[in-house]
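A quick write-up on the structure given underneath.
The values are calculated or read from the model by the stated rules, or taken from the named source; none is laboratory data. Computed from a predicted structure; not experimentally measured. When we count neighbours, we look across all protein chains shown, and the Cβ atoms used for this are built from the backbone with ideal geometry, even at glycine.
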Amino acid sequence: MRRIGSTTTRRTTAAASAVLGLTLAATACGGTTGTASGGGELSGQTVTVAGVWTGSEQKNFKKVLDAFSEKTGAKTVFVPSGDNVSTFVGSKIEGGNAPDVVMVPQVGVLQQFAKEGWLEPLSDKTAKTATAGLAPVWKNYGTVDKTYYGLYFKAAHKSTVWYSPEAFTQAGVSAPKTYEDLLKTGRTLADSGKPAFSVAGEDGWTLTDWFENIYLSQAGPEKYDQLARHELKWTDESVVAALTTLGELFKDEQLVAGGAKAALQTDFPSSVEQVFGPEPKAGMVYEGDFVGGIAKDEFGRKLGEDAAFFPFPAVGGGEAPVVSGGDAAVVLKDGKNSKAGMKLLEFLATPEAAEIWAGAGGFLSPNKDVSLDAYGDETTRSTAESLVAAGDSVRFDMSDQAPAAFGGTKGAGEWKLLQDFLRDPSDPKATAAKLEAAAAKAYGN
C-alpha cells in the first residue's frame, strides 16, 4: 500500500518488482497520453513524463500536461513508474527508452540520479522562475554539487494533526498548542470514552514522521540537518531525548488506540478510517495534509466541519515544526526529447501550472506566487498558506533524504527499528544505538 493521495505517498509495502513489472507492461501498451493542439512551438513533438502518481493524482496531473499541450502543441505521455523510481529509471536508461522528465519523490533519489550523470541542469529560464517563486530551501533540495537539477512542483505538509471536531466537542477540548498539551488533550479524550490517536504502526514510514516532527521542534533545524546527513550520530543525546518524548505517547494505552499491538496491525488507510470512518475508534490521527483528502473522498467528511486539523505542536520549548515532502521534476539526458522536456519544466515553474492542479484538489504548491484562491476549500488554503509561510524553516522528510536501506525499506532500517520501539519503548538509548548501527551501514560511514 503506497502513501495515499499525496506527494509523500511513496513507499510501497508491495513488492517493488511486481510494481515494476506492471509498469513495464503498461508502458509497452503506450502509457497514458495527453492531447496535443494543432500548432505551437513544439507541434509534432512528444514529451514522456514518468512519475509515481496513479488514480486521482495522475488524472489531475494530466490536466497540467494537457494545458502544456495546448500552449505548445506538444503531445504528452505519462508513464507510471511504480514506487521504486530509481529501479524504474535505471532500467529504462539501460534499455534505451528513458523518459524525458521524471517526477522524483525523494531527495536521496534525486541526488543519486545527479551523481550517476543522468540529469540535465535546469535551464536559465526555469531556474530564474523557480528562484523567484520558491523559498531558497526548495532550491537547496533540488541542487547537487552546486548545480540546480530538480524543480519542486508538488509538496506535502507533514506537520498536521487531524481530528474529529465532534469528538473534541464531546470531550470539551480544543486544539493544543504544545506537545505537553497534546498528550493532556489525548488523555481527556480517552476519559470521555475514545482513545486519542489511531497510530499506523504497520506502515513504518508513519513512525519516522512522528519522530521527525518531534526531533525538528525539540532539537532544532541545525541538528535536524546534521542528522539527515548523518553528520550527527543517532546516539546523540538529542536523538535519545526525542525518542524519550515519542515513547511517552507510545507507552500510554490511553493515547494509542488498542495499544501498541493494535497499532502494529494498523496500516495508514485504516488509521484514517478509525477516526473518520463510519465507526470511529479514535479522536485523532497524525499525518500529512493528504489525510484531509482521504477523509473527504473516502468517508464523505466535510473539511473544516467534521474533519479538521491543527499544526503539529511545539515540543520542549522549541518552534512548531514544519516537515514537508515533495516531487521534483528533473530532465534526463538520455530522454529522446530532453529539450522539449525542459520546456515542460519551464511551464511547471509557473504559478499557472500549479493553479491548475490546485483547483482540481489533492495538491499543495511550495510556490509563493500561486494564488490561495486557486485552492478549492478553506482547509487546503490554510495548509498551503502555512507551508509557504514557513519559508526556509521547512525541512524535508528526513527519511526521504536517507539511503533507502535505512530510511525507506519495509522490515529494515529506521522503519523496523521504530516499529520495535513502538512495541517496547522502554529503552530509548538502546533504540538509538540500533538506529546508529543501521545508519552507519547504509551511509557507509
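A few remarks follow.
- Elements of type helices (runs of 4 or more DSSP H) in the range 204-261, at least 2 residues being surrounded by 18 or more Cβ atoms within 10 Å (Cβ to Cβ) and among the β-branched types (V, I, T): 204-219, 237-250
- Here P165 clears all of (1) under 23 Å from D289 (Cα atoms); (2) touching an Asp or Glu at 6+ places or on another chain (Cβ under 7 Å); (3) not assigned by TED's automatic domain parsing to the domain that holds T206; (4) not hydrophobic (A, V, I, L, M, F, W, C) except the condition numbered (3).
Residue by residue, here is whether (1) over 30 Å from G150 (Cα atoms); (2) surrounded by fewer than 23 Cβ atoms within 10 Å (Cβ to Cβ) holds:
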position: K281; (1), (2): yes, yes
position: F290; (1), (2): no, no
position: D297; (1), (2): yes, yes
position: V322; (1), (2): no, no
position: V331; (1), (2): no, no
position: D334; (1), (2): no, yes
position: N337; (1), (2): no, yes
position: L348; (1), (2): no, no
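- Identity of the residue in the range 153-203, of a type in the set (V, I, T) and out of contact with any strand residue (DSSP E or B) (no Cβ under 8 Å at 6 or more places or on another chain), that ends up surrounded by the most Cβ atoms within 10 Å (Cβ to Cβ): T185
- Test set (1) assigned by TED's automatic domain parsing to the domain that holds G283; (2) modelled with pLDDT of 95 or more; (3) touching a Lys or Arg at 6+ places or on another chain (Cβ under 9 Å) - V144 fails condition number: (1)
- Whichever residue in the range 353-376 is more than 15 Å from A329 (Cβ to Cβ) and not in a loop (DSSP other than H, G, I, E, B) and, among such residues, is farthest from the chain's Cα centre (by Cα): D373
- Scanning the range 170-199 for residues that are part of a strand (DSSP E or B) and either of a type outside the set (S, T, N, Q) or modelled with pLDDT under 95 (or both) turns up just one, F197.
- Being assigned to a strand (DSSP E or B), of a type in the set (V, I, T) and either under 30 Å from A74 (Cα atoms) or at pLDDT 95 or above (or both) holds for only one residue in V285, V275, and it is V285.
- E94 passes every criterion in (1) in contact (Cβ under 8 Å) with a residue 40 or more places away in the chain; (2) acidic (D, E); (3) out of contact with any Gly (no Cβ under 9 Å at 6 or more places or on another chain) apart from (1).
- Scanning the range 308-319 for residues that are touching a residue at least 40 places away in the same chain (Cβ under 8 Å), over 12 Å from E212 (Cα atoms) and of a type outside the set (F, W, Y) yields A308, P311, P313, A314, G316, G318, E319.
- Test result for E298, assigned to a loop (DSSP other than H, G, I, E, B), out of contact with any helix residue (DSSP H, G or I) (no Cβ under 6 Å at 6 or more places or on another chain) and acidic (D, E): no
- In the range 355-397, the residue that is surrounded by the fewest Cβ atoms within 10 Å (Cβ to Cβ) out of those that are small (G, A, S) and in contact with a Lys or Arg (Cβ under 8 Å, 6 or more places away or on another chain) is A360.
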